[in-house]
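The values are calculated or read from the model by the stated rules, or taken from the named source; none is laboratory data. Owing to the predicted nature of the structure, the values given are computational and were not obtained by experimental measurement. Cβ: placed from backbone, ideal geometry, glycine included. Neighbour counts: every protein chain shown. Ligands, DNA and RNA are excluded from the accessible area calculation, which covers all protein heavy atoms including side chains. Shrake-Rupley method; radii C 1.70, N 1.55, O 1.52, S 1.80 Å.
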Amino acid sequence: MPVKLEDLVAGLLRQELDLYRLLRSRIDAELEAIDGDDMDLLMSILQEKQSIISRQELLMERWGDVSSELGISEGRDEPVFWKALASAVGERGYEALISRVREIQDLVSASIDFENVAQEKMAGKLSELRSRMSRVANGKKAVRGYMGSI
């Protein structure tokens, strides 16, 4: 049983890591699209990111299988889950799995940082666009005012 369980958890962690790596690459592409003012590409990238996030959500549901296998109701966000997993797979197996978890945590943390940068850049672009639109509106008012005085 422990080997099968360890393989299941290792597989889920591998899939999760792959999805986070893919998401990180899309965040990098998002930053490039923002910097290059390529809104069509940006929209495409945002759709790809949503698809990846949906796949991550489906993967998260599969962790319930691990809880069931461990005979607990708590999910992987609870300390009880990790204690039960450590007991089931042994110290060596647990350390290998935790190493992968830490790798995922580091990648998630870096991805969040880069996503925040992307959001800040998007906010700056939006502010810039609003400013341009305001200048255009003011210019139209000036033209109307000029035309009305003739």
Please compute the contact order of the range 15-66 in relative form: average sequence separation of alpha-carbon pairs under 8 Å and at least six residues apart, divided by the residue count, as a percent.
46
All alpha-carbon distances of the range 1-82, grouped into 10 Å bins from 0, give the whole-percent distribution 17, 37, 23, 15, 8, 0
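Assuming 0.36 nm per residue, please report the length gained on full extension of the stretch residue 100 to residue 44 beyond their Cα-Cα distance. Intermediate results must be reported in sequence, preceding the final value.
Details: separation 56, 0.36 × 56 = 20.16 nm, distance 3.04 nm.
Between residue 100 and residue 44, full extension yields an extra 17.1 nm.
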Ignoring ligands, DNA and RNA, what percent of the accessible area of the chain is carbon or sulfur (1.4 Å)?
54
Write down the accessible area per residue of the chain in Å², having rolled a 1.4 Å probe over the full set of protein chains.
65
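Would you mind estimating how fast the chain diffuses translationally, via Stokes-Einstein at 10 °C and 1.306 mPa s with the Kirkwood radius over Cα pairs, in µm²/s?
Details: Rh = 18.8 Å.
After rounding, the answer is 84 µm²/s.
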Can you tell which of 50, 88, 64 lies farthest toward the positive end of the dipole of the range 41-94, using +1 and -1 charges on the Cβ of basic and acidic side chains (Lys, Arg; Asp, Glu)?
50
For q values of 0.24, 0.28, 0.31 Å⁻¹, compute log₁₀ I(q)/I(0) with the Debye formula on a Cα-only model of the range 40-87, without solvent.
-0.79, -0.94, -1.03
